[in-house]
Amino acid sequence: MEQGEREAVRPVKRRTRTFRPNYLSFSGTYQCNLSCPHCCVPIEWPDRLEIPVALGFLEQAREAGIEWLGLTGGEPFIYPEFVHAIVKRGMQLGFRFDKIQSNGVWFEDEKHLRATLRPLVKAGFNGRIGVSVDKFHGKHTAKAALFCLTARKLFKRDDIVSLSYASRDPHQGLEPVKDLARELNAIMDWSPLLHRYLLVTPDLTLTVNWNHLAPVERAERFQGAWDGQWFKEDYCEGPGQALIVTPKGEVKPCCGFASDLDQLTIGNIYTDSLKKIIRQGRKHPYVGKVFRLGLTAIREEILRKDPDSLPGKTSNHCFFCWYALTRGLAEGMPGGGGQVGNWTGLVQLGRLGSPKKS
């Protein structure tokens, strides 16, 4: 998911202020063939999500009316049998696919690439493959171009690939995308209608999505996140109404920077049903509040307790959330301004405590 394009939300049928996820995403593995300096994923962890367990949870989600499905990582194609199984069953169940988020340069050669993508074509994959192209992923322009062109031929869709890049501003950090445009002999221009760049050739139409860069995990040395303005409240409506399943089976209601923090664990698909996980999300002292009252309510609680507890203002929702959780500032969370009660789920799971370390 793109942290910067929060207005491009998935449609939902109801607007009740509560946690009611309409999107499911699996991360089958944390592992990756790259080690990007801005990455917030613990790529050194070897865990892999078991396919039968994931398929069982997938079926529960569809029965509960969840319609959208995605895959992320790590690099999802490091674990291709997982990707193939989820896509095949997801299509059979009638899910609408969002995207498979990839770095686009994981393959050995074109033969390997074709062999890995063909099962997705056969399954009728109807989403997109998101390819990250920015300075943090290293310079792999020719290989990324080969990925785009090969996917176009196999899927017979000009929009099968979308691009994403991380920077401080939508108009910054575009040099690697421009390099790819030149490699593809493409025209690149800003779309006022879509509020993003497009990269177009006679055979390709690639949307270019912006990720709001923040100094989290490996990138904590970066500067500039406290940019002097507060984020606009959106109750995490589009990006957060989600069930993100990690390679450990843990479920988080977050597709942003905090998606691997123990503090956001609301269940585990190895031990909990979908209904129980959603119920635990609503009762969670932080998650429940975000969806009922919004991040601004959490911000106001923090500042009311200590006006100097935050270094400044930030327009980045995901960074604020990550900062509040990892610094123990939020009411009711470990190290915060209150006590976590013996509510079901997280205490039993034993997952509340220190944030993960990269």
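Values as computed for the structure displayed
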{"item": "Cα centroid separation, region 161-178 to region 56-126 (Å)", "result": "24 Å"}
{"item": "Taking the convex hull of Cα positions in the chain, its mean projected area over all directions (nm²)", "result": "16.7 nm²"}
{"item": "Accessible-area composition of the chain, carbon plus sulfur, in percent [1.4 Å probe]", "result": "50 percent"}
{"item": "Of P119, P176, P311, the one that fluctuates the most in a GNM where the chain has Cα springs shorter than 10 Å", "result": "P311"}
{"item": "Local net charge near K143, Cβ-Cβ under 11 Å (Lys/Arg +1, Asp/Glu -1)", "result": "-3"}
{"item": "Electrostatic dipole magnitude of the chain [Cβ: Lys, Arg +1; Asp, Glu -1; Cα centre; debye, to 20]", "result": "920 debye"}
{"item": "The chain: most fluctuating residue of L243, L163, L120 per GNM, C-alpha cutoff 10 Å", "result": "L120"}
{"item": "Flagged links, alpha-carbon separation over 23 Å, of K99/K156; K135/K252; K122/K178", "result": "K135/K252; K122/K178"}
{"item": "1.4 Å probe accessible area per residue over the chain, in Å²", "result": "43 Å²"}
{"item": "GNM top mover of K178, K248, K111 - the chain, alpha-carbon springs below 10 Å", "result": "K111"}
{"item": "Beta bridges per DSSP with both ends in the chain, % antiparallel, nearest 5", "result": "35 percent"}
{"item": "Packing rank of 144-152, 319-327, 167-175, where each peptide gets the mean count of other beta carbons within 10 Å, highest leading", "result": "319-327, 144-152, 167-175"}
{"item": "Electrostatic dipole magnitude of region 147-200 [Cβ: Lys, Arg +1; Asp, Glu -1; Cα centre; debye, to 20]", "result": "220 debye"}
{"item": "Calculated [θ] (222 nm, deg cm²/dmol) that DSSP helices of n ≥ 4 give over the chain, each run adding -39,500 (n - 2.57)", "result": "-9000 deg cm²/dmol"}
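The values are calculated or read from the model by the stated rules, or taken from the named source; none is laboratory data. All values reported here derive from a predicted model rather than from experimental measurement. Backbone-built Cβ (ideal geometry, glycine too); neighbour counts: all protein chains shown. Ligands, DNA and RNA are excluded from the accessible area calculation, which covers all protein heavy atoms including side chains. Shrake-Rupley method; radii C 1.70, N 1.55, O 1.52, S 1.80 Å.
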